[in-house]
Amino acid sequence: MSAAQLRPAAASTVVSELAFARAQRNTVLIVDDLFSSRLLLAEIVRQIDGKLNLELFDTPSRALEYARNNRVDIVLTDYKLPEFDGIELVKQLRALPHCVDVPIVVITVVDDRKIRYDALEAGATDFQATRRSRNARAVREPARAAPSQDRPIRPSAGAPVPGRQVGGRNSRA
């Protein structure tokens, strides 16, 4: 056999070895329609363990298709998703024989007790309602959060206040 004939087999072996190695790592399925939220969750997971295999999806149908054909070790999903919500995704994942015991965490800004109970009854392992903080809003909207250069500085005690009469009842003298 010539060296040229060996190369495709060698390349194929490397690819299959990489696929096998990837399949052996724990897989975290992240489902969120917001790109920034997917990246944030992925970064948090990477900081916990950089060797985890992360699979990110923007729709529940794509995530479900992946889960049908691959091993999944944990699922982090948003509640509000296009096509169908996170509770329906939990139900469909639990219907897969190899996902019966997979931890599924629903993470959302919706803090509704009924939705929480529905998610847990559908088979979610946990339900995390996150709060939108003022700091997060300030990061997203820096122009609104930053103090304006044109805004007057508040006067110190005893200094005249713009619009206030000097003398009379509003006077400090």
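Taken together, the values in this text are just the output of simple stated rules run on the coordinates, not laboratory data. Everything numeric in this text was worked out from a predicted model, so none of it was measured. Note that we place each Cβ from the backbone using ideal geometry, even for glycine, and neighbour counts take in every protein chain shown.
Under 20 Å between alpha carbons, and skipping anything fewer than 8 positions from Lys91 in its own chain: which lysines qualify?
Lys80, Lys114
For a protection proxy built on the mean count of beta-carbon atoms within 10 angstrom, sort 78-89, 94-105, 55-66 highest first, please. Before the final figure, lay out each step's value.
Working: 78-89: 19.4, 94-105: 13.9, 55-66: 17.8.
Ranked from most to least packed, the peptides come out as 78-89, 55-66, 94-105.
In nanometres, what is the gap between the two model label sites at Leu52 and Arg68, each 7 Å from Cα along Cα-to-Cβ?
For Leu52 paired with Arg68, the spin-label model returns 2.6 nm.
Can you give the translational diffusion coefficient of the stretch 24-141 in µm²/s, computed by Stokes-Einstein from the Kirkwood radius over Cα pairs at 10 °C and 1.306 mPa s? Spell out each step's value before the answer.
Values: Rh = 14.5 Å.
Answer from the Stokes-Einstein relation: 109 µm²/s.
Give, in nm to one decimal, the length gained when the segment between Gln128 and Leu40 is fully stretched (0.36 nm per residue of separation minus the Cα-Cα distance).
30.2 nm
Name all residues of the stretch 59-77 having a backbone nitrogen under 18 Å from the label point set 7 Å from the Cα of Phe84 along its Cα→Cβ direction, giving them as ranges.
Flagged as within label range: 59-70, 75-77.
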